[in-house]
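Data first, discussion second: the structure below is written as C-alpha cells.
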Amino acid sequence: MGRSFDTAGVTGSEYIYGVTAGDVLRQWQTHTEASKEQDPIVLPLPRHTFIDGSSIGDLTQWKESGLFEEVNGRGVVLIASLKNANAALDTIGAARWLKAFGAEEIMLMATRLYGLRQDNVFSNLETGETRVETMTAFDSISQIADATGLDGRRLINRLVIGEAHSHIAFQMASVKNLPTLGLTAFQFIADKIGLAQRVKSNWRVLSPDFNRHSTSVLLAEYLGLDQVSFQKERDRETRQTRLINPEAVVKQLCREGVDTGVIFDDEFQTGHTVFLITDATREVLKNFIILASHANFSQETIENLNSSKITEMIVTDAMRPDVAIKQLQNGVKVQVLPVQESLAVVAGQLWRADWKEPLVDGWRLDPWLQSGI
C-alpha cells in the first residue's frame, strides 16, 4: 500500500495517514483472489450465547449437528454482535474451534464492534495529555487481528464492521494486514419502512453532527431531500454535548417551511443529541422520524426521548441493548428490524468482492470506502 507503519503501542491515528479507501479495497480484493472460489458457510452465532455477550457455553449442539465436519476445508462467515469484550472473546473462541476442525478461512461480520467510538480518547489541548478511558478502535481490531490458534495461524482472516463510525477503523485494520470492510444500514432501514415513497417537499434530513454527516448526505440523496447539518461539540471535562449556534439552522428550517425532520445515526445510546435537536426546533418542526442501526439504549435514553413530536423510531437488532425500550414516553412504539437473514446474503457478496453491483436489501458499503471504488 505504499507505506508501512509501526503500530506498536499506538492508540491514536497518526500512524495511518496515507492509507486510502482504494488501498483498503485493493487489500480485500487481493485476499479474495487468493481464497478458494467455493462460497462460504454462513454461520450466525446463536443469539442466546453470543449476541448478548454471555459465555460460549457447551458446544455439544454444534458437534452433534455435524457442523465441524461440514466446515472442513471450507470458508466460514461468522455473524456476531461484539458489543463488549466478553462477546469478542466468545467469538474468537468460536473461530478457534472452527479452525481446529479444518475451516480454511473465517470472515467475521461484526454487526457491532465495541470500542469504535473515537471520542473514547480524550485529549487536553493545553497540556497535550491524552487519556484513554475505554477500549479504542485500535485495541478491538488488534485483538481480532492478533488472535491465533495453537498452530500460530490467524483465526479471523477478514472483517466486516457494521456502522464503523469512522474510516479510521479501516485504516487501522489495513496496517494490521486484516482486510476490513464496513456496511451502513441507512437505505436498508429506509426501504423496510417505505420511507422513499412517503417523503414530502417540506421534509429535511437532519444530520446530528456536521463533522460526520456523510451518511446523512447519502440518505438525503436517496430520498431526494435536502440535508441540513447541526454542529455539536463535546466538553472534554464534563463529556456533555451541546449544539453550536442552532439558531441559524432553526431560521433556515423556518424560512424553508420545513415541518418534518428525518434523523439517521449509526448508534443511538443516550439520545442526548436527538433531545438537543428536538428541543432546539420545538417551535418549528412538527414531526421527527428517527433511524438508527445500533439501539445501544441506556437508562438515559427514555428520559431524553421525551418529545411528543417524535412520530417514528426505527432501529435494527444488530446489537442487543442493555436496556430494552419498547415504546417512547409519548407512546410511540420502537420498531426493530431484523438483519441476520439479509446480512447472510450480503456476506456472500462481500466474500467475492461483488461490491460494484448493489448489495441486496439496500445495504451499502461505508461512504468512505465507496469513494475508493
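Quick look at the values:
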item: Residues satisfying the stated conditions in the stretch 224-242, i.e. surrounded by fewer than 18 Cβ atoms within 10 Å (Cβ to Cβ) and at pLDDT 85 or above; result: G224, D226, Q227, S229, Q231, R242
item: Residues that are of a type in the set (A, V, I, L, M) and surrounded by fewer than 19 Cβ atoms within 10 Å (Cβ to Cβ), drawn from the stretch 200-223; result: V217
item: Number of the exception - P46 against (1) surrounded by fewer than 16 Cβ atoms within 10 Å (Cβ to Cβ); (2) modelled with pLDDT of 80 or more; result: (2)
item: Filter pass, E267 being charged (D, E, K, R) and modelled with pLDDT under 90; result: yes
item: Checklist (1) open to solvent by 70 Å² or more (accessible area, probe 1.4 Å); (2) part of a strand (DSSP E or B); (3) under 16 Å from F210 (Cα atoms); (4) of a type outside the set (F, W, Y) applied to V336, failing item; result: (3)
item: Hits in the stretch 285-296 (condition: open to solvent by 10 Å² or more (accessible area, probe 1.4 Å) and under 18 Å from D266 (Cα atoms)); result: N296
item: Tally, over the stretch 139-175, of residues that are of a type in the set (A, V, I, L, M, F, W, C), part of a loop (DSSP other than H, G, I, E, B) and open to solvent by 20 Å² or more (accessible area, probe 1.4 Å); result: 1
item: Selected residue (only one of G348, G372 is touching a Leu at 6+ places or on another chain (Cβ under 6 Å) and surrounded by fewer than 17 Cβ atoms within 10 Å (Cβ to Cβ)); result: G372
item: Matching entry among L183, L195, L178 (being surrounded by fewer than 24 Cβ atoms within 10 Å (Cβ to Cβ) and either within 17 Å of L350 (Cα to Cα) or in contact with a Phe, Trp or Tyr (Cβ under 7 Å, 6 or more places away or on another chain) (or both)); result: L178
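Residues checked against (1) closer than 14 Å to L181 by Cβ; (2) modelled with pLDDT of 65 or more; (3) loosely packed, with under 13 Cβ neighbours inside 10 Å:
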| site | (1), (2), (3) |
| --- | --- |
| F5 | no, no, no |
| T11 | no, no, no |
| V24 | yes, yes, no |
| Q27 | yes, yes, no |
| T32 | yes, yes, no |
| P40 | no, yes, no |
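The values are calculated or read from the model by the stated rules, or taken from the named source; none is laboratory data. All of these numbers come straight from a predicted model, not from anything done at the bench. Cβ coordinates were reconstructed from backbone atoms using ideal geometry, including for glycine residues, and neighbour counts include every protein chain displayed. Protein only, heavy atoms only, side chains kept; ligands, DNA and RNA dropped before computing areas. Shrake-Rupley method; radii C 1.70, N 1.55, O 1.52, S 1.80 Å.
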